[in-house]
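Data block below; observations after.
The values are calculated or read from the model by the stated rules, or taken from the named source; none is laboratory data. The model shown is predicted, which means the values in this text are computed figures rather than measured ones. Neighbour counts are summed over all protein chains in view; Cβ atoms, including those assigned to glycine, are modelled from backbone coordinates with ideal geometry. All accessible areas refer to the heavy atoms of the entire protein, side chains included, with ligands and DNA or RNA removed. Shrake-Rupley method; radii C 1.70, N 1.55, O 1.52, S 1.80 Å.
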Amino acid sequence: MNAKAAKKLFKRYLKNECTPEEIALLDRFLESYQDKEVFLSEFKNGEGLKKDVWLKIESRIASSKSKGFNLYGFFKYAAIFIGVLGLVLLFDYLGQAERTDLIMDDDAIVIKTGDNATKQILLGGKETITDANGNLLASQNDNQLVYHQRELDELVYNEIIIPKGKTFQVVLSDGTLVHLNAGSSLKYPVSFSPSEERKVFLEGEAYFEVFKDDEHRFTVVADKMEVQVLGTHFNVSSYQNETAYTVLAEGSVALSLMDGGDRPIILKPGQKAALEGEAVKVSQVDVKDYMDWRSGSLTFKNEPFSTIVKKIERRYNVTVENTYKELDSIRFRGTFGNETIEDLLNTFKESAGFEYEISTNKILIKKP
């Protein structure tokens, strides 16, 4: 177990979140402090925290006595744990604990229906979407909303709004699967018309797995772009005040500008088309870097910190204020999985050298 893993485990231990298997691992990794005062003397700051940590250990000891727990073994392991991790890591975590804990807003996913009604969708739920007459339009299965094809006299649109901190999937009435990223919205017909092209409107980011239909092309309208396909897999990003782009994974797409402009640009798999000003720049990219968000990963590919901050805000549903402006132009590479926002910030902190404070769901980045 490396230092990073051990630090995470000790955090869980302090919060009483360890499983029996993790406790056993902790026992094997710790070495003893037999003297309370010696243990407390190692902490340089935070008198209340010192006592809290010790009380947790004493509580564990008392519980273990009644079960024949080897106290010497527990304390023996404690010293190795602190020695291997290094007190700096432990103190760093305890120092952060003095800040106000991050409070994540639990915003719901919202559906706006054709009759101007709204409905909340909770992840893992079993909601249904109906029209004004009570007819079933869509049903939720955990983190996916599936629309059912119906014959309608006219196109009726729904809009789904995904808050920051969440992702969701929608299966359109033609079978097209749409993965929606945090902070995005998609407007789409509840049932496509057999006499018209399939067209949806995106703000934010989505990955499309389009159901092939040679007679009805599929068009995504995003920012100033129109991405047209018959059947393919591609990613479109059009967040406000950010560069809009599309990345093609499979098949082919034709990208056009809304103002007409030049003839459509045909993309091949592995290509990215980015809207830069009034022009489109095409480049070869690693598709995986643009698709990892679907599995919960957060990937930075030589990106400036100013861009990374926006991704952090969407991923964790927080507001970041960066007063250390020298950071904005520094570029970073890396991939994060299920790390907490504190783990992520500490990783950047070690690389770039800044300080930060957390208050409710706001993060302030400061020059050291």
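Of the residues in the stretch 208-217, how many are within 17 Å of TYR290 (Cα to Cα) and surrounded by 22 or more Cβ atoms within 10 Å (Cβ to Cβ)?
Counting residues in the stretch 208-217 that are within 17 Å of TYR290 (Cα to Cα) and surrounded by 22 or more Cβ atoms within 10 Å (Cβ to Cβ) gives 1.
Give the residue, chosen from VAL178, VAL220, that is under 18 Å from HIS148 (Cβ atoms) and surrounded by 17 or more Cβ atoms within 10 Å (Cβ to Cβ).
It is VAL178.
Go through the stretch 312-340 and give me each residue that's of a type in the set (A, V, I, L, M) and closer than 14 Å to GLY353 by Cα.
LEU327, ILE330
Report whether or not ASN116 is more than 30 Å from ILE341 (Cα to Cα) and assigned to a loop (DSSP other than H, G, I, E, B).
Criteria met by ASN116.
Picking from ILE312, ILE266, which residue would you name as being more than 27 Å from ARG12 (Cα to Cα) and among the aliphatic types (A, V, I, L, M)?
From the options ILE312, ILE266, the qualifying one is ILE266.
So, THR243, is that one over 21 Å from LEU137 (Cα atoms), open to solvent by 40 Å² or more (accessible area, probe 1.4 Å), of a type in the set (Val, Ile, Thr) and touching a strand residue (DSSP E or B) at 6+ places or on another chain (Cβ under 7 Å) or not?
yes
Go through (1) acidic (Asp, Glu); (2) free of Cβ contacts under 8 Å to residues at least 40 places away in the same chain; (3) loosely packed, with under 15 Cβ neighbours inside 10 Å for GLU326 and report which single condition fails.
So the condition that GLU326 fails would be (2).
Please list, ordered by residue number, the strands (runs of 3 or more DSSP E) wholly in the stretch 147-240 having 1 or more residues that are closer than 23 Å to THR130 by Cβ and of a type in the set (Ser, Thr, Tyr).
In the stretch 147-240, 157-162, 184-189 are the strands (runs of 3 or more DSSP E) which contain 1 or more residues that are closer than 23 Å to THR130 by Cβ and of a type in the set (Ser, Thr, Tyr).
Filtering the stretch 199-220 down to residues that are of a type in the set (D, E, K, R) and at pLDDT 95 or above, which residue is farthest from GLU159 (Cα to Cα)?
Once the filter is applied, the top-ranked residue is GLU209.
Filtering the stretch 247-297 down to residues that are assigned to a loop (DSSP other than H, G, I, E, B) and among the hydrophobic types (A, V, I, L, M, F, W, C), which residue is most open to solvent (accessible area, probe 1.4 Å)?
Restricting to residues being assigned to a loop (DSSP other than H, G, I, E, B) and among the hydrophobic types (A, V, I, L, M, F, W, C), the top hit is MET258.
So for the stretch 231-243 (the condition being modelled with pLDDT of 95 or more, of a type outside the set (Ser, Thr, Tyr) and farther than 20 Å from SER295 by Cα), does at least one residue qualify?
No, that holds for no residue.
When you go through (1) modelled with pLDDT under 85; (2) under 23 Å from the mean Cα position of the chain (by Cα) one by one for LEU90, which number turns out not to apply?
So the condition that LEU90 fails would be (2).
Search the stretch 329-349 for residues being within 19 Å of GLY296 (Cβ to Cβ), out of contact with any Phe, Trp or Tyr (no Cβ under 7 Å at 6 or more places or on another chain) and open to solvent by 70 Å² or more (accessible area, probe 1.4 Å), and hand back the single one that is modelled with the lowest pLDDT.
The qualifying residue modelled with the lowest pLDDT is ASN338.
I want to confirm something. Restricting to the stretch 316-354 and keeping residues that are within 14 Å of the chain's Cα centre (by Cα) and assigned to a loop (DSSP other than H, G, I, E, B), which single residue is nearest to ALA182 (Cα to Cα)?
ASN317
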